Amino acid sequence: MAEKQIMDDDYLPFHPNPSKPKFVAPAGAVDAHCHVFGPSEVFPYAPERKYTPCDAPKEKLFELRDYLGFERNVIVQASCHGRNNDALVDALKSAGDLARGVAVVSPDISDDELKAMDEAGVRAVRFNFVKRLVDATPKEVFLGIAERIAKLGWHIVVYFEAPDLEELTPFLKQLPTTIVVDHMGRPDVTKGVDHPDFQRFIALMDENPNIWTKVSCPERLTVDGPPYDDVIEFGKTLVARFPDRVLWGTDWPHPNMKSHVPDEGILVDVVPRIAPTPELQQQLLVTNPMKLYWD
Ligand code: 0GY
């Protein structure tokens, strides 16, 4: 098979001067899905990556956190750094108690390496099933990793697209920890909340109280573009039904986006539209992420 050509101009850079959100986040708010990339001279991108991101160093992330009125970050390892979590761990160490991490690990990682990541603030591993982002990992390999990280009290973040949920459900039911599903299970928003794919995801969360989700990424799910009107009903439905199992994040620096450069001020202003009361906002931005990542 022909090797994918990796283009260095394969990315859109992040917004140079996002707007100030109108929504004021509650004290202690957590951006529970964001990334750090590079800088590539210090933390090179993985040879097996499917895209090359813009450098998005920790200093820029912390600056954005403060600018948006947030207090903490959950930094998620993305596919472009493969299974080398050095940039993530470096950012966690710099942030001290203000960040936690989600790593991607290989099955032959040692217990000592896992312990060191735990000490740095890693609290979860991510299993990525999005075919355009990663080569497939056998489910038995993921199950082996799951058994090991469960002993540390970590949980599992899974990333897949809505049509893949049916096939993945038996596997998800075998996982021994809390599960966080990225980006609402990536519904096709043109189909509406009543579509069987989204209803299947709601039914899964109804049946499995250990499944949480991030009501994030309108910038990826939208067809209409900002201010993301076509995505609101999806987040709002999940927040109303599962107020104690939802998380929210900016997804900065929005790797691998092709359609537009998101303005994080507009993204933060989505929060009161999907979580319309102060109580729901508190749960979404503070209580839930603190329970999962800081308790
Ligand atoms: C996201 C979404 C994407 C990328 C990754 O691991 C990744 O490379 O997660 C995407 O392209 O949808 O959550 O950052």
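The values are calculated or read from the model by the stated rules, or taken from the named source; none is laboratory data. Everything quoted here is computed from the prediction, not taken from an experiment. Glycine gets a Cβ as well: all are built from the backbone with ideal geometry, and neighbour counts include every protein chain shown. Heavy atoms of the whole protein, side chains included, go into the accessibility calculation; ligands, DNA and RNA do not. Shrake-Rupley method; radii C 1.70, N 1.55, O 1.52, S 1.80 Å.
Considering only beta bridges that DSSP places wholly inside the chain, some 5 percent are antiparallel. Close amide H contacts of V122 (hydrogens built in the peptide plane, cut-off under 5 Å, sequence separation of 5 or more or a different chain): G101.
Which of rounded, prolate, oblate describes the chain, given a ≥ b ≥ c as roots of the alpha-carbon gyration tensor eigenvalues and a/c under 1.5 marking rounded, otherwise prolate only if a/b is larger than b/c? It is rounded, given that a/c, with a ≥ b ≥ c, falls under 1.5.
Taking 0.36 nm per residue of separation and subtracting the current Cα-Cα distance, fully stretching the chain between E140 and D194 would add 16.1 nm. Each Lys or Arg adds one and each Asp or Glu subtracts one; over the other residues with Cβ under 12 Å from the Cβ of D206, this totals +2. Remark: region 76-92, residue by residue, has Karplus-estimated 3J(HN,Hα) of 10, 5, 9, 4, 5, 9, x, 9, 9, 9, 4, 5, 4, 5, 4, 5, 5 Hz, where x stands for each Gly or Pro and the curve is 6.51 cos²θ - 1.76 cosθ + 1.60 at θ = phi - 60°. Applying the criteria of a DSSP loop state and at most 11 other Cβ atoms within 10 Å to the chymotrypsin sites (Phe, Trp or Tyr not before Pro) of region 161-213 yields no site. Ordering of 49-55, 189-195 by packing is 49-55, 189-195, highest average first (other Cβ atoms within 10 Å, averaged per residue).
Run the 1.4 Å probe and let me know the accessible area of L98, rounded to the nearest 10 Å². For L98, the solvent-accessible surface is approximately 60 Å². Surface calculation, 1.4 Å probe, protein heavy atoms: Y67 sits at approximately 80 Å² accessible. For K258, the accessible surface of its heavy atoms amounts to roughly 140 Å² (probe 1.4 Å, protein chains only, rounded to the nearest 10). Ranking H260, V223, T190 by how far each Cα lies toward the positive end of the dipole of region 30-293 (charges on Cβ) leaves T190 at the top. In sequence order, region 124-140 has phi-based couplings of 7, 10, 10, 10, 9, 10, 7, 5, 6, 9, 9, 6, 5, 10, x, 4, 5 Hz under the Karplus curve 6.51 cos²θ - 1.76 cosθ + 1.60, θ = phi - 60°, and Gly or Pro positions carry x.
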